[in-house]
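Student: Here's a structure for you.
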Amino acid sequence: MKVSAGNKVVLIGAGDVGVAYAYALVNQGICDHLAIIDIDERKTEGNVMDLNHGVVWAPSRTKVTRGTYADCEDAALVVLCAGAAQKPGETRLQLVDKNMKIFKSIVDDVMANGFDGIFLVATNPVDILTYATWKFSGLPAHRVIGSGTVLDTARFRYMLGEYFEVSPMSVHAYIVGEHGDSELPVLSSANIAGVGLRRRLEKNPELHDELEAIFVRTRDAAYEIIDAKGSTSYGIGMGLARITRAIFQNQEVALPVSALLRGEYGHEDIYIGTPAIVNRKGIRRVVELELDDYEAEQFNKSVATLREIQDPFWKDGE
Ligand SMILES: NC(=O)c1ccc[n+]([C@@H]2O[C@H](COP(=O)([O-])OP(=O)(O)OC[C@H]3O[C@@H](n4cnc5c(N)ncnc54)[C@H](O)[C@@H]3O)[C@@H](O)[C@H]2O)c1
């Protein structure tokens, strides 16, 4: 099946996350045309004007417009950031009822306008809503991608980099599983500037508690940021821009996204955070990390957590 050519993006939902993504897109010159749709039309008009006033200083021209669903017909990518966000103390999974309804109507409208590109989903609970987007749209799974653990992985790499005093670019470690409370770090294959974390742990067993604390701060960072400023936006905005660049530049790069499992890690029919190779057609393949026994057990629990919330929505053949 063909994927729309060109690099037009339709962003649906321009709240804190959507606008941070739009700003990153324009700043990095990733697409030619960005059309923004939000039910708050006045705010969208303001955002469109404001973003256009920065274009002259960007590395290349991006045409930013207030969009309608008709824009989806020739869009290469539709990015979904619409819906309710976590309130202080609320978990991502608690958002599911509200956002599932919003998604049904949005995805139906996108498809009714002849969309033939790739979906990228950020709204929470992201794994469950990416699965829903796949089901509602009828598109092949490789063309429906969730932001998954891209943000959690970035947070983990940043914090490990601070601890070991190296750039996060020299930290190679993934967070996998649900983008949420049941996620897990994959320490078995993590390395800092080429030296395996396992090896460092053997030499210095006290590191174990430090690593655990870094992971807990990674996992719970959203709660801390939401308490402090009401939402998290810049980190995910840049993560979404990174995935967009991987798609439009056909990069074949491994990124931790929410992808459909088809037997990998012993599971199928579930979207969950895992590294996957991303190219111009979407997800080329899921990368199945070699988890140790403890990690595999945690991953299975994360799958079970998602299934518990997700399965009731699809039991009646919805
Ligand atoms: N995946 C991640 O890593 C990650 C990180 C941060 C936030 N999020 C999620 O992203 C979502 C958005 O967060 P936010 O902070 O931007 O929230 P927000 O409330 O600031 O923005 C949501 C926007 O969606 C719009 N909207 C609502 N219903 C709509 C519809 N039917 N059509 C078009 N627009 C609609 C609203 O008008 C609003 O502008 C939340 O679900 C949040 O939990 C995900």
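Student: Return the only residue of Phe313, Phe299 being buried (at least 18 other Cβ atoms within 10 Å of the Cβ) and aromatic (Phe, Trp, Tyr).
Tutor: Just one listed residue meets the conditions, Phe299.
Student: Here's a follow-up. So in region 21-53, with the set limited to residues that are part of a loop (DSSP other than H, G, I, E, B) and without any contact (Cβ under 8 Å) to a residue 60 or more places away in the chain, which one is surrounded by the most Cβ atoms within 10 Å (Cβ to Cβ)?
Tutor: Asp38
Student: Condition first: assigned to a strand (DSSP E or B), closer than 18 Å to Val144 by Cβ and β-branched (Val, Ile, Thr). Now tell me which residues in region 247-262 satisfy that.
Tutor: The one that is assigned to a strand (DSSP E or B), closer than 18 Å to Val144 by Cβ and β-branched (Val, Ile, Thr): Val257.
Student: Can you tell me which residue among Val64, Val78 is among the aliphatic types (A, V, I, L, M), within 15 Å of the ligand (Cβ to nearest atom) and not in a loop (DSSP other than H, G, I, E, B)?
Tutor: Val78 is the lone residue from the list that is among the aliphatic types (A, V, I, L, M), within 15 Å of the ligand (Cβ to nearest atom) and not in a loop (DSSP other than H, G, I, E, B).
Student: In region 41-82, what residues are among the β-branched types (Val, Ile, Thr) and farther than 28 Å from Ile128 by Cβ?
Tutor: Val48, Val55, Val56, Thr62, Val64, Thr65
Student: What is the number of the single condition among (1) under 18 Å from Val78 (Cβ atoms); (2) at pLDDT below 95 that Asp227 does not meet?
Tutor: Only one criterion in (1) under 18 Å from Val78 (Cβ atoms); (2) at pLDDT below 95 is unmet by Asp227, namely (1).
Student: Of all residues in region 1-20, which are within 12 Å of the ligand (Cβ to nearest atom) and buried (at least 20 other Cβ atoms within 10 Å of the Cβ)?
Tutor: Matches in region 1-20: Val10, Leu11, Ile12, Gly13, Ala14, Val17, Gly18, Val19, Ala20.
Student: What residue, among those in region 273-296 that are over 26 Å from Glu212 (Cα atoms) and either hydrophobic (A, V, I, L, M, F, W, C) or in contact with a Cys (Cβ under 8 Å, 6 or more places away or on another chain) (or both), is surrounded by the most Cβ atoms within 10 Å (Cβ to Cβ)?
Tutor: Selected residue: Val278.
Student: Looking at Phe164, Phe156, can you tell me which residue is more than 23 Å from Ala241 (Cα to Cα) and among the aromatic types (Phe, Trp, Tyr)?
Tutor: Result of the check over Phe164, Phe156: Phe164.
Student: Please work out if Val150 is within 22 Å of Lys229 (Cα to Cα) and of a type in the set (Val, Ile, Thr).
Tutor: yes
Residues are listed down the side, and each one gets a yes or a no for (1) closer than 16 Å to Arg284 by Cβ; (2) of a type in the set (Lys, Arg):
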| residue | (1), (2) |
| --- | --- |
| Lys229 | no, yes |
| Ser233 | no, no |
| Met238 | no, no |
| Ile243 | yes, no |
| Phe248 | yes, no |
| Pro256 | yes, no |
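Student: Of the residues Ser182, Ser188, only one is more than 21 Å from the chain's Cα centre (by Cα), away from the ligand (no atom under 13 Å from the Cβ) and either assigned to a strand (DSSP E or B) or surrounded by 15 or more Cβ atoms within 10 Å (Cβ to Cβ) (or both); which?
Tutor: Ser188
Student: Pick out the one residue from Ile145, Ile175 that is within 20 Å of the chain's Cα centre (by Cα), over 21 Å from Asp292 (Cα atoms) and of a type in the set (A, V, I, L, M, F, W, C).
Tutor: Ile145
Student: What are the pairs with Cβ atoms under 6 angstrom where one residue, in region 227-242, is under 18 Å from Ala84 (Cβ atoms) and charged (D, E, K, R) and the other, located anywhere, is more than 8 Å from the ligand (Cβ to nearest atom) and modelled with pLDDT under 95? Sequence gap at least six, or different chains.
Tutor: Taking only residues 6 or more apart or on different chains, the pairs are Asp227/Pro88.
Student: Would you mind stating whether Gly235 is among the small types (Gly, Ala, Ser), away from the ligand (no atom under 16 Å from the Cβ) and surrounded by fewer than 23 Cβ atoms within 10 Å (Cβ to Cβ)?
Tutor: For Gly235, the condition - among the small types (Gly, Ala, Ser), away from the ligand (no atom under 16 Å from the Cβ) and surrounded by fewer than 23 Cβ atoms within 10 Å (Cβ to Cβ) - is not met.
The values are calculated or read from the model by the stated rules, or taken from the named source; none is laboratory data. Since this is a predicted model, take the numbers as computed values, not measurements. When we count neighbours, we look across all protein chains shown, and the Cβ atoms used for this are built from the backbone with ideal geometry, even at glycine.
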